[in-house]
1. Would you check which residues across the stretch 28-56 are modelled with pLDDT under 95 and open to solvent by less than 10 Å² (accessible area, probe 1.4 Å) and list them?
2. Output the number of the condition that LEU25 fails; it satisfies all remaining conditions of (1) closer than 25 Å to ILE101 by Cα; (2) of a type outside the set (Lys, Arg); (3) exposed (fewer than 15 other Cβ atoms within 10 Å of the Cβ).
3. Exactly one of (1) surrounded by fewer than 19 Cβ atoms within 10 Å (Cβ to Cβ); (2) modelled with pLDDT under 85; (3) out of contact with any Lys or Arg (no Cβ under 8 Å at 6 or more places or on another chain); (4) not small (Gly, Ala, Ser) is unmet by MET173. Its number?
4. If you go through the stretch 126-142, how many residues are surrounded by fewer than 18 Cβ atoms within 10 Å (Cβ to Cβ) and within 19 Å of ALA64 (Cβ to Cβ)?
5. How many residues does the stretch 108-125 hold that are in contact (Cβ under 8 Å) with a residue 60 or more places away in the chain and open to solvent by 30 Å² or more (accessible area, probe 1.4 Å)?
6. Just checking, does the stretch 93-104 include any residue being open to solvent by 30 Å² or more (accessible area, probe 1.4 Å) and under 17 Å from THR54 (Cβ atoms)?
Amino acid sequence: FELTGAQRRVVREVLEDLARDTPMLRLLQGDVGSGKTVVAAFAAIRAAEHGAQTALMAPTEILAEQHYLNFSAWLEPLGIGVVLLTGGQAARSRAAASDAIAAGTALVAVGTHALLPRDIRFHRLALAIIDEQHRFGVHQRMALRDKGAVPHQLIMTATPIPRTLTMALYADMAVSVIDELPRGRQPIDTRAVPDT
């Protein structure tokens, strides 16, 4: 598929951040279906080009599996190993994924909170991507970040955040917005409904 203009703009912003001496701290905001995942994939490819690892943490096993399937389809043909790590995984599969992460043969680790325990050690974590960041606590986000030296961080959300709130809560973050849906996607209708 062809990237939208907004996706190309945001990919450029992220790749420029990754080229800087200071670690990226960027909030990526966009509706469901706007293409945040493909932006994250470009960032993971850039990390892999430098022999470094990416961790993508999602709040649910279903979402983690969806990301794993997309990343596998896009990155494995490029020779970039992708593994899945979730709490519901069989012990043998979990151990194999953990070993691949520790050895550095898996350049991308997609998972849930299962990425956080101390026994999950990364060979060279350079990029931490957190999807639906509001579903994780500060300590969980820091625990993932602390698995690398000082990794770049890309925080993704589909929750619309007003500009004033963004400035108050995320003043230390660069903010990118994907404000264009890919062709053929229906627009998302976001509404607030009172309890009554």
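1. Listed by number, the residues that qualify are LEU28, GLY30, SER34.
2. Against the list (1) closer than 25 Å to ILE101 by Cα; (2) of a type outside the set (Lys, Arg); (3) exposed (fewer than 15 other Cβ atoms within 10 Å of the Cβ), LEU25 comes up short only on (3).
3. Failed condition: (3).
4. Within the stretch 126-142, residues that are surrounded by fewer than 18 Cβ atoms within 10 Å (Cβ to Cβ) and within 19 Å of ALA64 (Cβ to Cβ) number 6.
5. 2
6. Within the stretch 93-104 (the criterion being open to solvent by 30 Å² or more (accessible area, probe 1.4 Å) and under 17 Å from THR54 (Cβ atoms)), the answer is yes, since at least one residue qualifies.
The values are calculated or read from the model by the stated rules, or taken from the named source; none is laboratory data. On a predicted model such as this, the values are computed, not experimentally measured, just so you know. Cβ coordinates were reconstructed from backbone atoms using ideal geometry, including for glycine residues, and neighbour counts include every protein chain displayed. Accessible surface is based on the protein model in full, side chains and every heavy atom, while ligands, DNA and RNA are left aside. Shrake-Rupley method; radii C 1.70, N 1.55, O 1.52, S 1.80 Å.
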